[in-house]
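Asks: Have a look at the structure that comes next, please.
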Amino acid sequence: MPSVSDLHSIGELARASGLTVSALRFYDSAGVLEPALVDPVTGYRWYTDEQITPARLVAGLRRIGMPVPEIAAAVRAEPAAVRQLLDTHLRRLADGLTDARREAARLRALVDPAQPATTSLLLSPTDLAAALDAVRFAVGVDPELPMLSGVLLDVEPDGVRLVATDRYRIALARATADVDGPPARVFVPVALVDQLRPLLDATDARPVWLSVAGAELRVLVAGRTLTGTALPYDFPDYRRLLRKAVGERPAAYRIPVDVVALRAALRDPAAPTLAREYAGTPLAVSVLGLDDSGGLRLLHPAELSTADPANDRVGGLRFGVNGEYLLDALDAAGGPQLVLELDGPIAPLAVRRPNDEDTYSVLMPIRL
């Protein structure tokens, strides 16, 4: 134990690090930067020379707004891990700035309406059809939630992102496009989506022209003109929803899915389910787990009570889902092989194509 004469007082460390005394007290109580010695009589905190650099690191991370748990991890981590934490935080800041700019533009238009700028897009009918098919199943149908009753088109400089959610699942897809005009967000009524989709003929090579001017929509497709008005609701902040649901780090589990086999198992009239109730309505829960090769399989509810924890086949990861919702996600994603990602039995699960980062859906699990 070093003597007090070899240590720095909390005031000295504050001056050396750029942290205030009160901040040092806070980070002590949070277990981030604990003093080397606390006088049992006076309660004075004392720090070593070796704690100056970690204190300066804490001060810098605090200035860029890193959350306290991540600051605590950084103080104890190797340099490579600290760099990874910094990269993740910077991406989060960049996403937040983009969201803030988009919201500021919406607020300016709200308080000072002007002639809306027009944004037009040229899209491949095949790409647009695939994107619509990937998200249409997740459109909300609850009449009490009209803010979910359509498809969001989030126009970016080189394409458009399509998003739909009904609270229990969210689906995303992206189509590349030639974009003329500023970025735009438009909430398209599902009726217009369903009117457009049958006109997207893969044999017709003519591009689809889509124009957005404020709330006014105009589409030229296959020689026909469709018009409509955007829904007057604020669609949920899907980027924030996704950060909460799937996070910014790789999922703990990436499970290959044999789509044909899983679809057949879920559609089997004799498929085993677990009886649950939600909002007074009976709900049949499909229970999924891992097979011997680490793939996905449908479990019988009896296995939940008879599983042997030493046997990974029945005692490993198990989670419950709405089987109909999972079928919708499998059908929308398409392809014979998909990947299911999740962090645990009560974490949201993502259904992805193996080599497509832009098209996926996220389902909420059901607690077993």
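Asks: State which residue is farthest from residue 106 (Cα to Cα) when the search covers only the range 181-228 and only residues that are in a strand (DSSP E or B) and among the polar types (S, T, N, Q).
Replies: 225
Asks: Next up: Of the residues in the range 201-214, how many are crowded, with 19+ Cβ neighbours inside 10 Å and either among the charged types (D, E, K, R) or farther than 21 Å from residue 119 by Cα (or both)? Steps first, answer last, please.
Replies: Kept after step one, since they are crowded, with 19+ Cβ neighbours inside 10 Å, are these residues of the range 201-214: 208, 210, 212.
Still in the running and either among the charged types (D, E, K, R) or farther than 21 Å from residue 119 by Cα (or both): none.
Of the residues in the range 201-214, 0 are crowded, with 19+ Cβ neighbours inside 10 Å and either among the charged types (D, E, K, R) or farther than 21 Å from residue 119 by Cα (or both).
Asks: Further question: State whether the residues of the range 240-253 include one that is closer than 25 Å to residue 183 by Cα, among the hydrophobic types (A, V, I, L, M, F, W, C) and modelled with pLDDT under 85.
Replies: Checked the range 240-253: at least one residue is closer than 25 Å to residue 183 by Cα, among the hydrophobic types (A, V, I, L, M, F, W, C) and modelled with pLDDT under 85.
Asks: Specify the residue that is modelled with the lowest pLDDT; the eligible residues are those in the range 139-154 that are hydrophobic (A, V, I, L, M, F, W, C) and assigned to a helix (DSSP H, G or I). So that I can check it myself, show each step before the final result.
Replies: Pass one, the range 139-154, residues hydrophobic (A, V, I, L, M, F, W, C): 139, 141, 145, 147-148, 151-153.
So of that shortlist, the ones also assigned to a helix (DSSP H, G or I) come out as 147-148.
Details: 147: 90, 148: 93.
Checked the range 139-154; the qualifying residue modelled with the lowest pLDDT is 147.
Asks: Right, another one. What's the total number of residues in the range 212-257 that are farther than 26 Å from residue 327 by Cα and among the hydrophobic types (A, V, I, L, M, F, W, C)?
Replies: 11
Asks: Still on this structure, please answer the following. Looking at (1) under 27 Å from residue 241 (Cβ atoms); (2) modelled with pLDDT under 90; (3) among the polar types (S, T, N, Q), can you tell me which one residue 322 breaks?
Replies: Exception for residue 322: condition (2).
Asks: Let me ask something additional. Filter the range 74-99 down to the residues that are among the small types (Gly, Ala, Ser) and closer than 17 Å to residue 242 by Cβ, then identify the one that is nearest to the chain's Cα centre (by Cα). Steps first, answer last, please.
Replies: Restricting attention to the range 74-99, the residues satisfying the condition of being among the small types (Gly, Ala, Ser) are 74, 77, 80-81, 94, 96.
Of the ones still in play, those that are also closer than 17 Å to residue 242 by Cβ are 94, 96.
Working: 94: 15, 96: 14 Å.
Looking at residues that are among the small types (Gly, Ala, Ser) and closer than 17 Å to residue 242 by Cβ, I get 96.
Asks: Let me ask something else. Right, residue 99: touching a helix residue (DSSP H, G or I) at 6+ places or on another chain (Cβ under 7 Å), surrounded by 15 or more Cβ atoms within 10 Å (Cβ to Cβ), charged (D, E, K, R) and within 30 Å of residue 237 (Cα to Cα) or not?
Replies: no
Asks: Conditions first: (1) modelled with pLDDT of 90 or more; (2) touching a helix residue (DSSP H, G or I) at 6+ places or on another chain (Cβ under 9 Å). Residue 92 passes all but one, so which condition is the exception?
Replies: Tallying (1) modelled with pLDDT of 90 or more; (2) touching a helix residue (DSSP H, G or I) at 6+ places or on another chain (Cβ under 9 Å), residue 92 fails exactly one: (1).
Asks: Here is a list: 161, 136. Which entry is surrounded by 18 or more Cβ atoms within 10 Å (Cβ to Cβ), charged (D, E, K, R) and assigned to a helix (DSSP H, G or I)?
Replies: On the way: 161 fails: assigned to a helix (DSSP H, G or I).
Unique residue meeting the criteria: 136.
Asks: Are any residues in the range 334-368 closer than 16 Å to residue 168 by Cα, crowded, with 18+ Cβ neighbours inside 10 Å and under 15 Å from the mean Cα position of the chain (by Cα), and if so, which ones?
Replies: 342, 347, 348, 349, 350, 351, 360, 361, 362, 363, 365
Asks: Of the residues that sit in the range 58-71 and are surrounded by fewer than 16 Cβ atoms within 10 Å (Cβ to Cβ) and not in a helix (DSSP H, G or I), which one is farthest from the chain's Cα centre (by Cα)?
Replies: Ranking the candidates gives 64 first.
Asks: Let me ask another. Of all residues in the range 15-57, which are assigned to a helix (DSSP H, G or I) and buried (at least 20 other Cβ atoms within 10 Å of the Cβ)?
Replies: Within the range 15-57, 17, 24, 27, 51, 55 meet the criteria.
Asks: Could you tell me which numbered condition residue 229 fails, if it satisfies all but one of (1) modelled with pLDDT of 90 or more; (2) farther than 23 Å from residue 167 by Cα; (3) of a type outside the set (Lys, Arg); (4) buried (at least 18 other Cβ atoms within 10 Å of the Cβ)?
Replies: Just one mismatch for residue 229, condition (4).
The values are calculated or read from the model by the stated rules, or taken from the named source; none is laboratory data. Because the structure is a prediction, the values reported are computed rather than measured. Every residue, glycine among them, receives a Cβ derived from its backbone with ideal geometry; neighbour counts consider all protein chains shown.
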